[in-house]
Structure formats: structure tokens, C-alpha cells
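The values are calculated or read from the model by the stated rules, or taken from the named source; none is laboratory data. Remember, predicted model here, so these are calculated numbers, not experimental data. Here the Cβ positions follow ideal geometry from the backbone for every residue, glycine too, while neighbour counts run over all protein chains shown.
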Amino acid sequence: MTYFPANKLVFAIAALTSLSVALAAEACTYVRLTGADGSQHPGRSMEWGTFDIKPGFSVIPRGHEHSAMTMPDGADGAEWSGKYGYAGVSLLEREGLFGDVINEAGLVMNLLYFPGFAEYQPYDPAQAENSISATDYMTYMASQFATVQEVIEATRDVRVVPVVEPSLGFAAPVHVVVSDPSGDEIVVEYINGELHIFEETIGVMTNSPPYDWHLTNLRNYLNLRPVNWPDIEVEGLTVGGIGYGTGLLGLPGDYTPPSRFIRATAYKETARETQGAYDTTLEHFRILGHFQLPLETDFSDLPDGLDPISYGSTQYTVSFDTSNMQVYYFTDDEARVRKFDLKKIDWDTLSEPMTKPLRRGGPPQVEEVVFDN
């Protein structure tokens with residue numbers, strides 16, 4: 001056995017803590033639940049500990065004129081007019097930059113960080129008019145298509161190229177989960193300059209490595225089960241588990257993407273049966289609550305225009321009810337659940353984009369409970 005001097009042990013613990021914070025700062029977890037009525041509820045927690053992404057909720061009308069980000073050589077990228085209105089969580093107070101969107105047909109797209117593996121298609125100046133950035137992909141698909149199958153066909157036709165994201169200083173390394181009210185779902189990734197569309201999915205996603213690696217890794221956890229393991233006899237002695245939960249012994253508890261993928265899968269597969277609507281949303285938030293990551297630190301070297309986060313790395317958590325067109329969420333500064341009712345939007349008359357901050361601002365609203373005399 002190796003023994004560490006006290007000062008070296010402290011240093012080792014500090015190094016491990018710094019590593020876990022770095023991993024947690026770029027962590028996102030996606031889970032999609034299905035209600036007993038067949039309703040689909042995709043949603044995610046957004047962990048971003050590097051800077052405040054200033055989440056807002058934006059509504060974009062039909063017919064809105066879109067332009068892709070400027071191409072690597074300064075040329076204009078694709079331009080298009082929106083066929084569908086859509087809404088979602090916008091980022092950095094910038095039009096066209098979304099973390100999550102839902103359009104009026106119920107198509108939902110969720111953007112997750114994919115560092116170390118995302119590599120987009122090579123930029124070809126001759127195809128600039130058919131090229132978009134990785135973040136443009138969200139608005140292009142949400143504004144043009146109603147179903148996952150339509151998105152699959154369109155994704156094969158458009159080129160996603162490495163356009164620098166100003167807030168990062170490099171092309172945003174991301175992958176996208178796309179789902180619709182029918183229960184269809186795909187994961188879209190660009191690896192080694194090639195498009196990969198995964199059509200066999202399980203309603204769970206985290207970050208790197210690629211999606212098929214996560215599915216292979218699931219095979220290491222076939223022993224997990226929602227009930228306790230039975231007692232065994234050892235030399236005439238009955239040996240039972242110590243407390244409840246022996247069926248989940250071996251469930252990884254760290255914050256790395258592979259471990260969160262396994263944990264999210266286990267929670268999803270052992271979730272209670274829900275009826276749909278807000279009943280499923282409650283279960284959704286119960287599961288996503290396991291991935292709320294606290295992070296208090298000072299980032300003093302941020303680029304101009306970016307602010308450190310105030311509370312933690314889980315800046316928002318969102319759940320979409322695609323059947324009832326409701327978007328439920330809570331933020332890092334206030335755990336109270338709020339919602340946007342998209343049925344109240346008149347898509348026929350809406351003519352200009354609208355945005356509200358996702359955070360309420362000011363002190364959290366706390367309901368005091370009193371005893372009646």
C-alpha cells in the first residue's frame with residue numbers, strides 16, 4: 001500500500017476536485033419520458049459553468065427570414081424563410097442561438113456539448129449557399145420541418161461546416177437530439193468530418209464520447225435492476241443486502257458523461273408510470289434533479305461581454321410536453337417551476353420575434369406556509 005504525506009494528499013485531492021469541476025462545467029443530461037397516454041416529454045438539464053449563457057425564451061414567427069453565420073472565408077451562408085413558427089431557450093441574448101427549441105408541429109431539438117469528437121464537414125466555398133454552422137442547424141430544422149423523418153432527409157442535404165462561435169473562439173463542438181410527438185428520435189453527430197445519424201435511440205443523451213460508444217458501454221451494466229437482490233445462503237448463513245437499493249449496486253455516481261448516461265438510463269427505465277401532461281413533467285424533473293451540479297467559482301479571464309455565473313453550473317432545466325405544447329422550466333436562481341403555454345401564441349398573426357429572460361430576476365419568490373389559529 002502506498003502512503004502519501006499529508007501535504008501531497010491534500011494536493012492530490014485538490015487536483016481531483018479541480019478535474020471534477022472542469023468536467024461538471026460542461027455537462028448536459030437529456031432524458032425523454034413517455035406518458036401512459038403516449039405523450040412525449042423530451043427535456044434536459046443545461047450545465048455550463050464557464051460563463052453565464054443568459055438564457056431567455058424566444059418565440060420566432062412563421063416566415064421569419066433567417067441567415068446562417070458567416071462562413072469561414074467571409075462569404076454568406078445559407079438563407080431561408082421559416083415555414084413553421086418555433087420557440088425555445090435562446091442563449092447569450094443572440095438571435096439564432098438556441099439550446100433547445102420546439103416548433104408549432106411539436107418537433108423538439110436539444111443541443112448538447114460534444115467536445116473532443118465533433119468535427120464538421122469540410123467547408124467548400126462552392127457550396128457556401130448550402131452551408132450552415134452547427135448552431136444554425138437548430139433554427140434551420142425547427143423552422144422548416146415537422147417530423148424526425150423530414151429532418152433526417154434534410155440533414156443529408158445540408159452541409160454543417162466549422163464556423164467559429166464568438167463566445168468560444170472556435171466552432172462549437174455539439175451534437176443534437178431530435179424528437180417529435182410520434183416518439184421518433186434521432187441523435188445527429190459530426191465525427192471526423194462525416195455525418196452520423198443514429199436512429200436507434202433510448203431517450204437518453206449526455207456528452208462525449210459518440211452516441212454509439214455510450215450504447216456499447218450500457219452492456220457493462222446489465223446487472224442493474226429496479227428491485228433488491230434476494231438473500232443468499234453462505235455455509236448455512238443467510239446473507240442479505242444492507243439496506244434498500246441492492247439492485248442498483250455498481251451504478252456510477254461521478255459527473256463524467258459516460259457515468260451520467262448510465263445513471264440517466266437507470267432512472268428513466270425505473271421511472272414510475274405516468275399519465276402524461278404535468279404528471280409526466282413531475283417525474284421528468286425528479287429524474288433531471290439528480291443531475292443538478294453546484295459550482296461556485298470565479299472566472300476572471302472571461303472574454304469581454306461574458307459574465308461569470310452567479311449560482312451554479314446547472315443554469316436551467318427544461319421539460320417539453322409536446323402533446324399539450326407546454327414548456328416547463330426552472331433556473332439556477334429559483335427552483336420554482338414556471339411554464340410557457342405555446343397554445344396561447346397566435347402563429348397566424350405573430351409577425352416579430354419575442355424574447356423574455358428565463359430568469360425572473362430579483363429575489364426568489366417564496367410562498368410562506370402558516371398555521372391557521
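Quickly run through the range 276-299 and pick out the residues that are out of contact with any Ser or Thr (no Cβ under 7 Å at 6 or more places or on another chain), at pLDDT below 90 and either buried (at least 19 other Cβ atoms within 10 Å of the Cβ) or under 21 Å from ASN324 (Cα atoms) (or both). None - no residue of the range 276-299 is out of contact with any Ser or Thr (no Cβ under 7 Å at 6 or more places or on another chain), at pLDDT below 90 and either buried (at least 19 other Cβ atoms within 10 Å of the Cβ) or under 21 Å from ASN324 (Cα atoms) (or both), so the list stays empty.
Taking the conditions exactly as written (within 25 Å of ASP212 (Cα to Cα), of a type in the set (Phe, Trp, Tyr) and modelled with pLDDT of 95 or more), does TYR86 satisfy them or not? Answer is no for this residue. Would you check which residues across the range 186-237 are assigned to a strand (DSSP E or B) and either of a type outside the set (A, V, I, L, M) or without any contact (Cβ under 8 Å) to a residue 12 or more places away in the chain (or both) and list them? Scanning the range 186-237 gives GLU189, TYR190, GLU194, HIS196, PHE198, ILE232, GLU233, VAL234, LEU237. Those residues that are assigned to a helix (DSSP H, G or I) and either β-branched (Val, Ile, Thr) or at pLDDT below 95 (or both), I need them from the range 119-173; list them, please. THR139, VAL148, VAL151, ILE152, THR155 - these are the residues of the range 119-173 that are assigned to a helix (DSSP H, G or I) and either β-branched (Val, Ile, Thr) or at pLDDT below 95 (or both).
If you go through the range 319-364 and pick out every residue that is closer than 13 Å to PRO61 by Cα and touching an Asp or Glu at 6+ places or on another chain (Cβ under 9 Å), you end up with 5. Across the range 27-65, the qualifying residues are those that are of a type in the set (D, E, K, R) and not in a strand (DSSP E or B), and the one among them that is modelled with the lowest pLDDT is ASP52. Mind checking which residues of the range 339-366 are within 21 Å of the chain's Cα centre (by Cα) and without any contact (Cβ under 8 Å) to a residue 12 or more places away in the chain? Hits for the range 339-366: nothing passes.
Here THR265 meets each of (1) part of a helix (DSSP H, G or I); (2) within 17 Å of the chain's Cα centre (by Cα); (3) farther than 17 Å from GLN40 by Cα; (4) in contact (Cβ under 8 Å) with a residue 12 or more places away in the chain with one exception, condition (3).
Is at least one residue of the range 113-123 under 22 Å from HIS41 (Cα atoms) and either surrounded by 19 or more Cβ atoms within 10 Å (Cβ to Cβ) or not hydrophobic (A, V, I, L, M, F, W, C) (or both)? Looking for residues that are under 22 Å from HIS41 (Cα atoms) and either surrounded by 19 or more Cβ atoms within 10 Å (Cβ to Cβ) or not hydrophobic (A, V, I, L, M, F, W, C) (or both), one finds at least one in the range 113-123, hence yes. When only residues in the range 54-96 that are among the hydrophobic types (A, V, I, L, M, F, W, C) and either crowded, with 23+ Cβ neighbours inside 10 Å or touching a His at 6+ places or on another chain (Cβ under 7 Å) (or both) count, which is nearest to THR147 (Cα to Cα)? Checked the range 54-96; the qualifying residue nearest to THR147 (Cα to Cα) is ALA87. Taking the condition farther than 24 Å from ALA27 by Cβ, small (Gly, Ala, Ser) and not in a loop (DSSP other than H, G, I, E, B), does GLY247 pass? Here the answer is yes, as GLY247 does meet what is asked.
The condition (being touching a residue at least 60 places away in the same chain (Cβ under 8 Å), surrounded by 15 or more Cβ atoms within 10 Å (Cβ to Cβ) and touching a Leu at 6+ places or on another chain (Cβ under 6 Å)) is satisfied by just one residue among TYR329, TYR316: TYR316. When SER167, SER208, SER182 are screened for being surrounded by 14 or more Cβ atoms within 10 Å (Cβ to Cβ), hydroxyl-bearing (Ser, Thr, Tyr) and closer than 20 Å to ARG32 by Cα, only SER208 passes.
Every residue in the range 265-291 that is of a type outside the set (Lys, Arg) and touching a helix residue (DSSP H, G or I) at 6+ places or on another chain (Cβ under 7 Å), please. THR265, ALA266, TYR267, ALA271, THR274, ILE287, HIS290, PHE291, listed by residue number. Please work out if LEU195 is more than 26 Å from GLU269 (Cβ to Cβ) and modelled with pLDDT under 95. Here the answer is no, as LEU195 does not meet what is asked.
Regarding the range 127-147, can at least one residue be identified that is in contact with a Ser or Thr (Cβ under 6 Å, 6 or more places away or on another chain), crowded, with 16+ Cβ neighbours inside 10 Å and farther than 16 Å from TYR84 by Cβ? Looking for residues that are in contact with a Ser or Thr (Cβ under 6 Å, 6 or more places away or on another chain), crowded, with 16+ Cβ neighbours inside 10 Å and farther than 16 Å from TYR84 by Cβ, one finds none in the range 127-147, hence no.
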